[in-house]
Amino acid sequence: MTSVPSKLYTDDVSLLMVLLDTNPFFWSAATATSLSFSKFLSHVLAFLNSVLLLNQLNQVVVIATGFNTCDYVFDSSVGSIQRAESLLQKLEAFVVKDEQLGKEGSVDGIGSSLLSGSLSMALCYIQRIFRSGPLHPQPRILCLHGSPDGPEQYVAIMNAIFSAQRSMVPIDSCLLGAQHSAFLQQASYITGGVYLKPQQLDGLFQYLSTVFGADLLSRSFLQLPKPVGVDFRASCFCHKNTIDMGYICSVCLSIFCQHHKKCSTCGSVFGQAQTNAPSTSSQKRKTPET
Ligand SMILES: [Zn+2]
Ligand SMILES: [Zn+2]
C-alpha cells in the first residue's frame, strides 16, 4: 500500500490546486456526446465556491491545462469581489492565447493537453506555500482531465508524480473523457489520491462535492473510491510508445522498446544483442512496477 500519510498541520484547512483541461480538440469532440465546456465550467464553479464556503481559510488556485501552454487563471488568495467573473475572463484570454500559440495546423485526433506543465506549476506553487511559514493550508491537486495521455510527456509527468509523493501532496483525478488515463491512474495511486471516472457527467457537481470536496483530515473518515485497477505500463524513451515489455538501461533505468547499442539518455554502451540470451548490460524484462 503506497498511500501517503498526510502531514498534520494546524487544522483541516485546504489548498486546492485545480488543473482544468481546456484542450479545444477534446472539448469540441466531447460536446456531441456528453458534457459541453460551459456546462462543465458551471459544475466546476459551483464546486470551487462550495470549497471556499466550507472554511474561510480555504484557498483555491486554478491552472488551465491547454493544448500548447498552461497558466494560472485563478487564485482565491488574491482578493476579488467578482471571483467567478475574473476566472471566466482569464480563462477566455488563456484559451485565445493557447490557440494563437498553435504549433502546426494538423493534429492527429484529439491530441493531448500539457498535463506535465500544469502539474509542475501546481507543485511550484505548493512549494512556495510550504516555504511561506509553519502555518499553511494542506495542499492537494485535483486534475479535471479529459484529453488522452501524451506519451511524449511520460518522463516529465512521472517526475512530477514522484515530486508530489515526496512532498506528500495527493493528486486526485476526475476523468471526463471516454478512456481511462494510465498517467493519472499512476499519479493518484502513487500519491495516495483518489481516481474517479464518473459514470454520468451531467451530475459532475455531485461527484466533485462528495468525492473531492472533503479536506485531507476528513478523508480518513470517508469511504472514497478505491483503485480498481492501475495501468502501470510505461512509455519507451525512443518512440514514446506504450509498451508491456522492453529493455531497461541498467545505469539510468531508461526504457526502450528495442535493443540499442548505446543509451540515448546516459550514453552507456550496451553489449551485443544476442538472439536467444539477453545481453548483460541491458536485460529484457517487464517494465518496473512502482
Ligand atoms: Zn521505442
Ligand atoms: Zn542509460
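The values are calculated or read from the model by the stated rules, or taken from the named source; none is laboratory data. Being a predicted model, the structure only gives us computed values, none of them experimental. All Cβ positions, even for glycine, are placed from backbone atoms using ideal geometry, and neighbour counts span all protein chains on display. SASA here: full protein model, heavy atoms, side chains in, ligands and nucleic acids out. Shrake-Rupley method; radii C 1.70, N 1.55, O 1.52, S 1.80 Å.
Here the simple spin-label model places points 7 Å from the Cα toward Cβ, and for residue 42 and residue 244 these points are separated by 4.5 nm.
Give the percent of DSSP beta bridges with both residues in the stretch 14-219 that are antiparallel, rounded to the nearest 5. Could the numbers behind the result be given before it?
On the way: 5 of 26 bridges.
The antiparallel fraction comes to roughly 20 percent.
With a Förster radius of 25 Å applied to the beta-carbon distance between residue 97 and residue 49, the computed FRET efficiency rounds to 0.45.
So how much slack lies between residue 252 and residue 179, counting 0.36 nm per residue of separation and subtracting their Cα-Cα distance, in nm?
Numbers: separation 73, 0.36 × 73 = 26.28 nm, distance 3.15 nm.
Separation in residues times 0.36 nm, less the Cα-Cα distance, equals 23.1 nm.
Residue 76 sits with roughly 10 Å² accessible to a 1.4 Å probe, with DNA, RNA and ligands left out of the calculation. With 29 Å as the limit on Cα-Cα distance, the pairs of 197/262; 97/262; 90/226; 39/226 that go past it are 197/262; 97/262; 90/226.
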